[in-house]
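**Q** The following block contains the structure, expressed as structure tokens.
The values are calculated or read from the model by the stated rules, or taken from the named source; none is laboratory data. In this text the structure is predicted, and so the values were computed from the model without any measurement. Counting neighbours? That spans all protein chains shown, and the Cβs are built from the backbone with ideal geometry, glycine included.
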Amino acid sequence: MNVNHFVSSYGYWAVFLLVMVESLGVPLPGETALIAAGTYAGATHRLSLWLIFFVASAAAIVGDNIGYWIGDKGGYRLARRYGSKVHLNERELKVARYIFDRQGSKVVFFGRFISVLRTYSAFLAGTSRMRWRIFLPANALGGLVWAAIYSSASYYAGSTLRSVSGKVDLALGVVAVVVIVAALFAVRHSVARLAEKAEQAYPGPLDEVDAKAAHKPAKPPATPPAKPPAKASDEQAVGRS
């Protein structure tokens, strides 16, 4: 897909479609479309920076919430059925649940700026049973900040960004390789530790854990202690005597 041609031909609709579909869990070049739109607007002024920001923000939030809903309603079943094709098993699902239970807001917010997480973090948040009232603010804030940074930076860079994009891509590629290699070593050591903690927190299959939580009876409200009877006043005591 020629993203630049697609954006120049369909404008805001191209940005909305690509960003939204990428956010709900399909690996499409949504961020590339946002950068292309900002660059095109800065170079030609045929698109509005504010409208690009608004469209990208709305698309990110809507797409993430659709991805969250899919994950919440059927993500675990999909992961159990097809997860082996991408090396995703019960152990990794428990680690994801453990992380989202404790650091879910941070993962959702910062995941907007990381390629793989931008595509799958909402789906994983739903699959991991992250509460929607916690997911939504982090998701909305991440979408707004992400759209603001990338749309404005690409807009003001304009044609300059186009001329240096090849060198920038090469430099970022080298940095990315170094970071990924370092991350792989760090993750290899931390996953085993996280897996042990996740197993302690969620013993047994996750579907059984969710079933037990769903059928767990609610605790009855605590009954306040009875107040002691009021003492008779001195006058009442004298009257009785």
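**Q** Condition test on S57, is it in contact (Cβ under 8 Å) with a residue 60 or more places away in the chain and under 27 Å from L141 (Cα atoms)? Step through it out loud before you land on a result.
**A** Working: in contact (Cβ under 8 Å) with a residue 60 or more places away in the chain: yes; under 27 Å from L141 (Cα atoms): yes.
Here the answer is yes, as S57 does meet what is asked.
**Q** Another question about this same structure. Scanning for something at pLDDT 85 or above, among the small types (G, A, S), under 9 Å from the mean Cα position of the chain (by Cα) and closer than 17 Å to V21 by Cα, does region 128-150 turn up at least one residue? Let's see the steps before the verdict.
**A** Our first condition is that a residue be at pLDDT 85 or above; within region 128-150, this holds for 130-150.
With the extra rule that they be among the small types (G, A, S), the set shrinks to 138, 140, 142-143, 147-148.
Next cut, under 9 Å from the mean Cα position of the chain (by Cα) only: 138, 142.
The next check asks that each one be closer than 17 Å to V21 by Cα; those that pass are 142.
Checked region 128-150: at least one residue is at pLDDT 85 or above, among the small types (G, A, S), under 9 Å from the mean Cα position of the chain (by Cα) and closer than 17 Å to V21 by Cα.
**Q** So is W50 touching a residue at least 12 places away in the same chain (Cβ under 8 Å) and on the phi < 0 side of the Ramachandran plot or not? Outline the logic, then answer.
**A** Working: touching a residue at least 12 places away in the same chain (Cβ under 8 Å): no; on the phi < 0 side of the Ramachandran plot: yes.
No; evaluated as a whole, the condition is false for this residue.
**Q** Take the residues of region 153-172 that are of a type in the set (G, A, S) and buried (at least 16 other Cβ atoms within 10 Å of the Cβ): which is modelled with the highest pLDDT?
**A** So the residue we want is S154.
**Q** Still on this structure, please answer the following. Going by what's in this entry, would V116 be described as at pLDDT 70 or above, loosely packed, with under 12 Cβ neighbours inside 10 Å and of a type in the set (A, V, I, L, M)?
**A** For V116, the condition - at pLDDT 70 or above, loosely packed, with under 12 Cβ neighbours inside 10 Å and of a type in the set (A, V, I, L, M) - is met.
**Q** Give me a count of the residues in region 122-145 that are surrounded by fewer than 22 Cβ atoms within 10 Å (Cβ to Cβ) and over 13 Å from R97 (Cα atoms).
**A** Looking only at that region, the number is 9.
**Q** Which ones in region 91-112 are more than 10 Å from the chain's Cα centre (by Cα), within 17 Å of G25 (Cα to Cα) and without any contact (Cβ under 8 Å) to a residue 60 or more places away in the chain?
**A** Keep residues of region 91-112 that are more than 10 Å from the chain's Cα centre (by Cα), which gives 91-99, 101-103.
From the residues that got through so far, the ones that are within 17 Å of G25 (Cα to Cα) too are 93, 96.
Across region 91-112, the qualifying residue is only A96.
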